[in-house]
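So the structure is just underneath, and the comments pick up after that.
The values are calculated or read from the model by the stated rules, or taken from the named source; none is laboratory data. Treat the numbers as computed from the prediction; the structure is a model and nothing was measured. Don't worry about glycine lacking a Cβ; one is built from the backbone with ideal geometry, like all the others, and counts go over all protein chains shown. For the accessible areas, the whole protein counts, side chains as well, though only heavy atoms, and no ligand, DNA or RNA atoms are used. Shrake-Rupley method; radii C 1.70, N 1.55, O 1.52, S 1.80 Å.
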Amino acid sequence: MKRILSAVGLIAAGLFSTSAQAEDLVFTLTNGTSAVLTRFYTSPVGVDNWEDDVFGDHVLEPGASVQLTIADGRTQCEYDMRFEFEEGSGLDTTEDSQNLCELGSYTIDE
């Protein structure tokens, strides 16, 4: 299982201010659940550790979307993702792997 690391490289546009570089991976994350998404972790497929929580002190409300930029200097498109919901929501932590370059957007559903 991946463990959470203190690594830099993920920036949530709209949550943090920065400009994206040409090789940055940009996609839109939508919370299609009925619960608040409190933490979102990601790391390239094949890396055994989770990088920092993309949201930091922020959350993603049900039905809301945010544009995210992965500015980790890698050229990889396949990423593992981990979604954690507010305590008491009844939703379990969810993990998925996707090619974020091809998708352009991702919706987490119940």
Roughly how much of GLU102 is accessible, in Å² to the nearest 10, using a 1.4 Å probe? 150
Pick out, in residue order, every one of the trypsin sites (Lys or Arg not before Pro) in region 30-110 that is DSSP loop and has at most 15 other C-beta atoms within 10 Å; say none if there are none. ARG74
Please give the contour-minus-distance gain from ASN49 to CYS101: 0.36 nm per residue of separation, less the Cα-Cα distance, rounded to one decimal in nm. 16.6 nm
Could you tell me the calculated FRET efficiency between GLU23 and SER65, based on Cβ-Cβ distance and R0 = 22 angstrom, to the nearest 0.05? 0.40
